[in-house]
Amino acid sequence: MQNQVINFNKSDLAYSISKKLNIPESSSLKYIDHIINDIVLNIGMDQRIEIRGFGVFSKKYIRPRKFINPKTKASSYISETATLHFKPSQGLLNTNE
């Protein structure tokens, strides 16, 4: 049997938190935005963020590479870039089973 992906967006998370903690949904949205901003800020400073039972956020570097423009056939180089990398915890992966 295939694992089914369950979509859970920011508004669903805010609704779930507000019901569980008996707070207004607007307050839970502010808390979520604050947490996301802290994660982005710390990742920008090359720090690794680990949330127990959820996963790890880190910065992943992509090596410099050659790029060929398909229209003009001109070649150029793309410098090293960084992306946000998320590795889910085993507890989060096993919840769908």
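None of the figures in this text is laboratory data; all of them are computed from the coordinates on show. Since we're looking at a predicted model, the values are computed, not measured. FYI the Cβ positions are ideal-geometry reconstructions off the backbone, even for glycines, and counts take in every protein chain you see.
Among the residues of the stretch 58-84, just one is in contact with a helix residue (DSSP H, G or I) (Cβ under 7 Å, 6 or more places away or on another chain) and charged (D, E, K, R), namely 59.
Here's the yes/no breakdown for (1) in a loop (DSSP other than H, G, I, E, B); (2) under 24 Å from the mean Cα position of the chain (by Cα); (3) within 22 Å of residue 94 (Cβ to Cβ); (4) in contact (Cβ under 8 Å) with a residue 60 or more places away in the chain:
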| residue | (1), (2), (3), (4) |
| --- | --- |
| 7 | yes, yes, yes, no |
| 15 | no, yes, no, no |
| 20 | no, yes, yes, no |
| 39 | no, yes, no, no |
| 43 | no, yes, no, no |
| 76 | no, no, no, no |
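Out of 66, 71, one residue alone is outside any strand (DSSP E or B) and more than 29 Å from residue 14 (Cβ to Cβ). It is 71. Of the set (1) under 19 Å from the mean Cα position of the chain (by Cα); (2) surrounded by 11 or more Cβ atoms within 10 Å (Cβ to Cβ); (3) basic (Lys, Arg), all apply to residue 52 but (2).
Pick out the one residue from 69, 42 that is in contact with a strand residue (DSSP E or B) (Cβ under 9 Å, 6 or more places away or on another chain), surrounded by 11 or more Cβ atoms within 10 Å (Cβ to Cβ) and not hydrophobic (A, V, I, L, M, F, W, C). Being in contact with a strand residue (DSSP E or B) (Cβ under 9 Å, 6 or more places away or on another chain), surrounded by 11 or more Cβ atoms within 10 Å (Cβ to Cβ) and not hydrophobic (A, V, I, L, M, F, W, C) holds for just one of 69, 42, which is 42.
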